[in-house]
C-alpha cells in the first residue's frame, strides 16, 4: 500500500470514530512526540552497535511498531495541515545539499559532527 | 518525487559526505526527537484554534521545514534499520482498527479521549 | 526530602544495581526524552482548559508519576555530567530576564507569543 | 539559590510579563519537549564515550544551557499543576526500589538492560 493510501486510511479512521475534534495540530504534534519517546525507549539502553542489529533481536517487533506509530501521527499531522510530507522532506534535503556541499562536508565530516551536521 | 526517491537521496547524501558512521539507529532516533522538539516549538504557544490555521500565517514556512526534517530522519532511520516505513504504519493502523472498532469507539469517543485514544 | 537527597539516592540506586554502565549521558538523555513523551501522552487529548484541572481528575496519579520520572532522569543526567541543575536553571533565567525585560515583553505579550516567547 | 527560589522566580517572570495565559499545562509540556529536543541535539552525533566528557569540550556551555532550560519548564509545569517536583521524583524512586530490588536487578543487570531497566 502507498503513502496516499495511508493518509486516506487515517482520515477515514478518524472520521469513522468522530475523533477529528481531538486532531488539532497541537494535539497531533504532542502525540507524535509521545510516540517518538516510545521509540527512543526501545533503543535507550543499547550500545550503538547493538542498535545497529536491533532488528535481528526480540526487540524488532516493538521497534517496528513504534516506527509505525510515529509515521501514523506524522502523516496525520501533515495531512491535517495540508502539508505534502514527502515533498516537504525533499525540499528540505535540497536546502541541506546546498548548505553542506560534498566537497566541504566530506573533508570536515569529523569536525562537522562535533558542531552540527544538521542533516544526514 | 516519491518516498523511494527520498530514501535513496538520503542514502546518497550520507554516503557522499561519509556521514554513515554517525547514522547509528541510536543517533538517528535522537536526531528525530530533536527535530520533533523543533516542530513542537513552532506550535507550543498557539491555541488549538490558532494551530489549525497556522499554515495561513507567517509561521507556515517554519512548520513545513520542521515537518520535512522530521520526515528526513524518520525515513533515514527506517531505511538504516531495514524497516518499510509506510508498510509499518499500515500494519499498525490495521491493529488499531481491530482494537478500536467503529461501533465501540464512536459511541464512547468522548470517554475514549479521556482514557487513551491511542490511535487516530 | 531535598534535591541533594534525590541525586544521592539516584547514585546509590544505579551503583547498587551495577547500572552505571548504561548511564552514559547519551542514554540518560534518550531516557529523559522517553519519559517526557509519556508525560505528553497524559495531556495530548485534553483541551487547554482540561489540562489546567487535570490534577483534579483520575489522570492525576499518572501525571504526577511521569513528572517524577522526568525529574529522575534529568537529575541523574545533570549529576553524571557534573552540572548543578538548579543553578543552571537560575543562570538561564537570569539571561532570559535580561533578554526579555518586563517593559518590552509585557507591552508585546500578544505579539511575542506569535513569534517566540522562548522563556516563561 | 534553591529550588523554591527557582519556582518563585519563574512565577514572577511569567506574571511580570503577563505570560500566564500561555502557560497552560499543555503548552508547558510542549515547551518542555522542545527543550529536551534541543538537549538531545547537543549529544546526538557524539559517541557514548564522547558524551561522558562533553563538559570538558566547547559544547559544555550549550549542554548546560539546555539542561537549564529543561529544568525551567519542568519546574514551571510542576508549579502550575501544584505538583511537588522533588517529592514526586522521590516517591517514584521509592516505587522503583521496590520493583527492582538489588538482589534481583544486580544479578540480571545485563539482561535487564535488554528488556526494560525503567529506572536508573
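Summary table below
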item: 0 to 90° range, to nearest 10: angle between helix C:85-99 axis and chain C longest Cα axis; result: 20 degrees
item: Candidates B:17, B:76, B:64: whichever shows maximal mean-square fluctuation once chain B is modelled as a Gaussian network with Cα springs under 10 Å; result: B:17
item: For the range B:1-55: rounded, prolate or oblate by the Cα gyration tensor [a/c cutoff 1.5]; result: oblate
item: With 5 Å bins from 0: P(r) over the range D:45-98, alpha-carbon pairs, percent; result: 4, 16, 15, 15, 14, 18, 15, 4, 0
item: Helix axis angle, B:3-16 relative to chain B longest principal axis, alpha carbon, degrees; result: 40 degrees
item: Compactness of chain A as Cα Rg over 2.2 N^0.38 Å, two decimals; result: 1.31
item: Paired Rg and Dmax values of the protein assembly as shown, which use every Cα atom, in angstrom; result: 21.3, 60
item: Calculated label separations, residue C:82, copies of the chain, 7 Å along the beta-carbon direction, nm; result: 4.2, 4.3, 5.4
item: Chain A: angle of helix A:25-43 to the longest principal axis, Cα-based, in degrees nearest 10; result: 50 degrees
item: Where rotation carries C onto A, the chain C residue whose Cβ is nearest that axis, in whole Å; result: C:37, 1
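A short reminder: the numbers here are calculations on the coordinates, not readings from a lab. Everything quoted here is computed from the prediction, not taken from an experiment. Please note: Cβ atoms are built from the backbone with ideal geometry, for glycine as well, and neighbour counts cover all protein chains shown.
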